Amino acid sequence: MFKLPDVSLNHLRTLTDDTGIIQHGFYSLPNRKTGYCVDDNARALIVAAMYYEQFNEPSALELLNVYLSFLHYAQKDDGWFHNFVDYQRHFLD
C-alpha cells in the first residue's frame, strides 16, 4: 500500500547545535530566540539512543554526546535541573 519514509535524524540535526537541541523551530528552521530546555534535550537523547541501537550509525553518538553534555550542564549541585537555558547559555530560572 503506502511505503513509509526511511528513518532519518536530519531534522534533529538541523535543530541541534553544539549546545543542544533548540527548543522551538519556525517550520524547519531552528528559532534561536527560544533557546533550549531540559525536557526537549532529554527526549532528543532518547531518540538518538534508540536510533543508534537500531541502526548502529556513529553520527548518532555525536548527537548523544551533545544532549548528555547539555543535561550535565543544566544539572544543579543538588541533582535537580535548571529547565530553560537561553541562546547565550544563561539559565532562565
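Within the range 25-36, identify whether any single residue is in contact (Cβ under 8 Å) with a residue 24 or more places away in the chain and at positive phi, and answer yes or no. Yes, some residue in the range 25-36 is in contact (Cβ under 8 Å) with a residue 24 or more places away in the chain and at positive phi. Here the range 35-65 is the region considered, the condition is being among the acidic types (Asp, Glu) and under 25 Å from Leu92 (Cβ atoms), and the residue that is most open to solvent (accessible area, probe 1.4 Å) is Asp39.
Out of curiosity, is Leu68 assigned to a helix (DSSP H, G or I) and either open to solvent by less than 30 Å² (accessible area, probe 1.4 Å) or polar (S, T, N, Q) (or both)? Lay out the reasoning, then the answer.
On the way: assigned to a helix (DSSP H, G or I): yes; either open to solvent by less than 30 Å² (accessible area, probe 1.4 Å) or polar (S, T, N, Q) (or both): no.
In short, no.
Note on the range 52-93: residues that are charged (D, E, K, R) and more than 23 Å from His24 (Cβ to Cβ) amount to 5.
Inspect the range 21-34 for any residue being assigned to a helix (DSSP H, G or I), open to solvent by 40 Å² or more (accessible area, probe 1.4 Å) and not hydroxyl-bearing (Ser, Thr, Tyr) and give the result as yes or no. Checked against the condition, which is being assigned to a helix (DSSP H, G or I), open to solvent by 40 Å² or more (accessible area, probe 1.4 Å) and not hydroxyl-bearing (Ser, Thr, Tyr), the range 21-34 yields at least one hit.
Scan the range 25-64 residue by residue and report those that are out of contact with any Asp or Glu (no Cβ under 8 Å at 6 or more places or on another chain), of a type outside the set (A, V, I, L, M, F, W, C) and within 13 Å of Arg13 (Cα to Cα). Result: Gly25, Ser28, Asn41, Ser59, Glu62. For the range 74-86, the set of residues classified as open to solvent by 80 Å² or more (accessible area, probe 1.4 Å) and touching a residue at least 24 places away in the same chain (Cβ under 8 Å) consists of Phe81 only.
The values are calculated or read from the model by the stated rules, or taken from the named source; none is laboratory data. Note that the structure is a prediction, hence the values are computed from the model and not measured. In this analysis, Cβ positions are derived from the backbone assuming ideal geometry, glycine residues included, and neighbour counts consider all displayed protein chains. Quick note on the areas: whole protein, heavy atoms, side chains included, nothing else; ligands and nucleic acids left out. Shrake-Rupley method; radii C 1.70, N 1.55, O 1.52, S 1.80 Å.
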